[in-house]
Amino acid sequence: MTPRRHARPLAALLAALAAAACTGGSGSADDAGEGAASTAAEAAGRTPETAEDLAALVVTDVPSGLARVADAAVDPPAGAKSLADVAGYAEDPGYERGVLEDYGYRYGWERFWGTPGATVTSVFVDQFDDAPGAAAYAEDLAGDGAEYYAGLLEQDPAALPEGCRLLTVETPDPASRVTGSAAFAWCAHGVFTVAVSAVTGPEESTVAAATDEVTAVVTEQLDRLPG
């Protein structure tokens, strides 16, 4: 499979969050999966059959205590993701759709927390037809991220479970619109992939803080998934 940038670039996310702040879009969540999140313990033993089922397994808060950004405040909206939605993030959506079909992509769910110009955390959980497709997707995402953000990529770092890759960016390129030091993780877990990012604000900008946030979120998110 040809590696492509399959996920929403963080630069686009930061621009979307800035727009959300101007319109008062940050705050409590209002997506359809929020109510289902309370049943995560019951759902953890079952493989989701819809994106809404998957939403019940996605973390609902982050250790940093950042406020949730309403799904509708992000453009395109966060929340449920179809194959067509994810393909649309690529420069060539038609080609990307074929690549995602090769992976066996089914659906995903996306959530964000944070404040523009300060700390921002994101979680994206995707589900595939089988484990090899999920593992290949996570590997390609990590390679794309390392190329795009020009950071240090580690496979199976000590701080994360086996099957994860960690990218750290000490001094981001201003062109990336990343506000401070950042950490990104991509993990394969059975038929799922988990992508978590944390960007620190300019005042408290440290790779350690970003890595701590990512590590804690990844650990909780993987614990919530079956398999």
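The values are calculated or read from the model by the stated rules, or taken from the named source; none is laboratory data. Remember, predicted model here, so these are calculated numbers, not experimental data. Here the Cβ positions follow ideal geometry from the backbone for every residue, glycine too, while neighbour counts run over all protein chains shown.
Under 7 Å between Cβ atoms, which residue pairs at least 6 apart in sequence (or on different chains) link something in the stretch 45-58 that is in contact (Cβ under 8 Å) with a residue 12 or more places away in the chain and hydroxyl-bearing (Ser, Thr, Tyr) with a partner that is in a loop (DSSP other than H, G, I, E, B) and surrounded by fewer than 21 Cβ atoms within 10 Å (Cβ to Cβ)?
Here the result reads Thr47/Pro226, each pair linking the stretch 45-58 to a residue that is in a loop (DSSP other than H, G, I, E, B) and surrounded by fewer than 21 Cβ atoms within 10 Å (Cβ to Cβ).
Is it the case that the stretch 107-127 has a residue that's more than 17 Å from the chain's Cα centre (by Cα) and within 11 Å of Phe192 (Cα to Cα)?
So far as the stretch 107-127 goes, no, none of its residues is more than 17 Å from the chain's Cα centre (by Cα) and within 11 Å of Phe192 (Cα to Cα).
Just to verify a result, which residue in the stretch 176-206, among those that are within 29 Å of Asp53 (Cα to Cα) and of a type in the set (S, T, N, Q), is surrounded by the fewest Cβ atoms within 10 Å (Cβ to Cβ)?
Ser197
Kindly provide the set of residues from the stretch 59-73 that are buried (at least 18 other Cβ atoms within 10 Å of the Cβ) and either in contact (Cβ under 8 Å) with a residue 60 or more places away in the chain or of a type in the set (A, V, I, L, M) (or both), ordered by number.
Across the stretch 59-73, the qualifying residues are Val59, Val62, Ser64, Leu66, Val69, Ala70, Ala73.
Conditions (1) polar (S, T, N, Q); (2) in a loop (DSSP other than H, G, I, E, B); (3) under 16 Å from Thr119 (Cβ atoms), marked per residue:
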{"position": "Ala159", "(1), (2), (3)": "no, yes, no"}
{"position": "Leu167", "(1), (2), (3)": "no, no, no"}
{"position": "Phe184", "(1), (2), (3)": "no, no, yes"}
{"position": "Ala188", "(1), (2), (3)": "no, no, no"}
{"position": "Val194", "(1), (2), (3)": "no, no, no"}
{"position": "Gly201", "(1), (2), (3)": "no, yes, yes"}
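Filter the stretch 129-152 for residues that are at negative phi and of a type in the set (A, V, I, L, M, F, W, C) and give the result.
Going residue by residue through the stretch 129-152, those that are at negative phi are 129-149, 151-152.
Within the stretch 129-152, Ala131, Ala134, Ala135, Ala136, Ala138, Leu141, Ala142, Ala146, Leu152 qualify.
Exactly one of (1) aliphatic (A, V, I, L, M); (2) over 23 Å from Asp85 (Cβ atoms); (3) under 17 Å from the mean Cα position of the chain (by Cα); (4) modelled with pLDDT of 90 or more is unmet by Val191. Its number?
Result: Val191 fails condition (2) only.
List the number of the failed condition for Leu54; all other conditions in (1) modelled with pLDDT of 95 or more; (2) closer than 17 Å to Glu213 by Cβ hold.
Result: Leu54 passes all but (2).
Right, Asp126: on the phi < 0 side of the Ramachandran plot, of a type outside the set (Lys, Arg), in contact (Cβ under 8 Å) with a residue 12 or more places away in the chain and out of contact with any Ser or Thr (no Cβ under 6 Å at 6 or more places or on another chain) or not?
The answer is no for Asp126.
Is it the case, given these coordinates, that Gly114 is modelled with pLDDT under 90 and not aliphatic (A, V, I, L, M)?
Working: modelled with pLDDT under 90: yes; not aliphatic (A, V, I, L, M): yes.
Here the answer is yes, as Gly114 does meet what is asked.
When the stretch 192-206 is examined, which residues are found to be among the aliphatic types (A, V, I, L, M) and either without any contact (Cβ under 8 Å) to a residue 24 or more places away in the chain or touching a Leu at 6+ places or on another chain (Cβ under 9 Å) (or both)? Let's see the steps before the verdict.
Of the stretch 192-206, the ones among the aliphatic types (A, V, I, L, M) are 194-196, 198-199.
Those that are among the aliphatic types (A, V, I, L, M) and either without any contact (Cβ under 8 Å) to a residue 24 or more places away in the chain or touching a Leu at 6+ places or on another chain (Cβ under 9 Å) (or both): Val194, Ala195, Val199.
Could you grab me the full set of residues in the stretch 122-175 that are polar (S, T, N, Q) and crowded, with 24+ Cβ neighbours inside 10 Å?
The first filter runs over the stretch 122-175 and keeps only residues polar (S, T, N, Q), leaving 122, 127, 155, 168, 171.
Scanning the stretch 122-175 gives Ser122, Gln127.
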